[in-house]
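Below: one structure, written as structure tokens.
The values are calculated or read from the model by the stated rules, or taken from the named source; none is laboratory data. Everything numeric in this text was worked out from a predicted model, so none of it was measured. Every residue, glycine among them, receives a Cβ derived from its backbone with ideal geometry; neighbour counts consider all protein chains shown.
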Amino acid sequence: MGGFETVIYEKDGRGIAAVTLNRPKALNAFSVRMRDDLYEVLNAIKIDDEIRAVIFKGAGEKAFCAGADLKEFLTAPSAVKARRIRSVRDLWRLFMRIPQPLIAALHGYVLGSGMEIALYCDLRIASEDVVFGLPEVGLGILPAAGGTQTLPRLLGLAASLDMLLTGRRINGKEALDSGLVTRLVPKDRLLQSAEEVALKIASFDPVVVRNAKQAVKKGMDMTLEQGLELEQRLAHIPDKI
Ligand code: COA
């Protein structure tokens, strides 16, 4: 699988897939083409039982992703058309349905939809130069790739509203302190660190890993009682992939 215009998709023999956002000249800005490429890649990952962990990263020195492609945004289709396209190719819902752990390896600018992609990942590892931000409200729009929902679930209400309503940017240390990332590493160690984490996950029983992810993520949207039932159900699934 390959030949994408905006994304590099690689799969190795160790159960690790890597997805590289690949528009470095535009700081990997998220375009319609990138949405379509990612949609195809994620659908392939979802049904590929050989893949046990996925790393998302950005090409180039300066950014994981500097948000929606603002040049394209100015020529965006009508709201009705955009909604129709989205209902057919809902990339954000697809992100939530990927059973394998997703690891974001983040460097440089992680803005707007770049941050929202990172928020769909299960683990976020960043290098010391990372800068997070949600500039949408200041641009007269809402984050529409889930950010208003995914961010408060991770950061809590007050810190999320501070980022959303004021455009406040968060550096690596703040991101680590607030739990936005769980590991902060020197830039030259970022990919190696992400790979080590992916390999660790890939060394575990893949069914148990998927069930653990499902129990935690689905459980977050349930009452404690429902969550405990879900845990019980998943703990007793004996099937192998
Ligand atoms: N959409 C399209 N192109 C973008 C982009 C975006 N979101 N962000 C950066 N680029 C392009 C720039 O236009 C520039 O292209 P050019 O060389 O053809 O002029 C190139 O990427 C490099 O960006 P530049 O602004 O020169 O880098 P910088 O280091 O001076 O600044 C940022 C980096 C991230 C602070 C700045 O690019 C920026 O503010 N980008 C927009 C962020 C944003 O608001 N995103 C939208 C979220 S909804």
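In region 53-78, which residues are at pLDDT below 95 and more than 16 Å from the ligand (Cβ to nearest atom)? Selection gives P77, S78. Among the residues making up region 132-163, those that are within 15 Å of the ligand (Cβ to nearest atom), hydrophobic (A, V, I, L, M, F, W, C) and surrounded by fewer than 20 Cβ atoms within 10 Å (Cβ to Cβ) are V137, L139, I141, L142, A144.
Could you tell me which of the residues L134, L157, L111, L119 is more than 22 Å from K62 (Cα to Cα) and free of Cβ contacts under 8 Å to residues at least 60 places away in the same chain? Sole residue among the options that is more than 22 Å from K62 (Cα to Cα) and free of Cβ contacts under 8 Å to residues at least 60 places away in the same chain: L157.
Only residues that are farther than 20 Å from A198 by Cα and either under 15 Å from the mean Cα position of the chain (by Cα) or modelled with pLDDT under 95 (or both) were counted across region 115-129, and they come to 2. Close contacts from region 187-211, counting a first residue that is of a type in the set (K, R) and a second that is surrounded by fewer than 17 Cβ atoms within 10 Å (Cβ to Cβ), with Cβ to Cβ under 9 Å and a gap of 6+ residues or different chains, come to K187/E61; K187/E128; R210/I241. Could you grab me the full set of residues in region 11-32 that are within 21 Å of G108 (Cβ to Cβ) and more than 16 Å from the chain's Cα centre (by Cα)? Selection gives R23, P24, K25, A26, L27.
When we screen E50, E40, E72, E5 for residues that are acidic (D, E) and closer than 23 Å to E136 by Cα, the only hit is E72.
Among the residues of region 5-29, the ones that are part of a strand (DSSP E or B) and away from the ligand (no atom under 14 Å from the Cβ) come to 10 in all.
Taking D205, is it within 30 Å of G114 (Cβ to Cβ), of a type in the set (D, E) and exposed (fewer than 15 other Cβ atoms within 10 Å of the Cβ)? No: the conditions fail for D205. Being assigned to a strand (DSSP E or B) and either at pLDDT 95 or above or within 15 Å of the chain's Cα centre (by Cα) (or both): is that true of A44 here? Taking the combined requirement at face value, the residue does not satisfy it. Of the candidates D69, D12, D49, D36, the single residue that is touching a Pro at 6+ places or on another chain (Cβ under 8 Å) and not aliphatic (A, V, I, L, M) is D49. State whether one or more residues within region 100-110 are within 16 Å of the ligand (Cβ to nearest atom), surrounded by 15 or more Cβ atoms within 10 Å (Cβ to Cβ) and of a type in the set (V, I, T). So far as region 100-110 goes, yes, one or more of its residues are within 16 Å of the ligand (Cβ to nearest atom), surrounded by 15 or more Cβ atoms within 10 Å (Cβ to Cβ) and of a type in the set (V, I, T).
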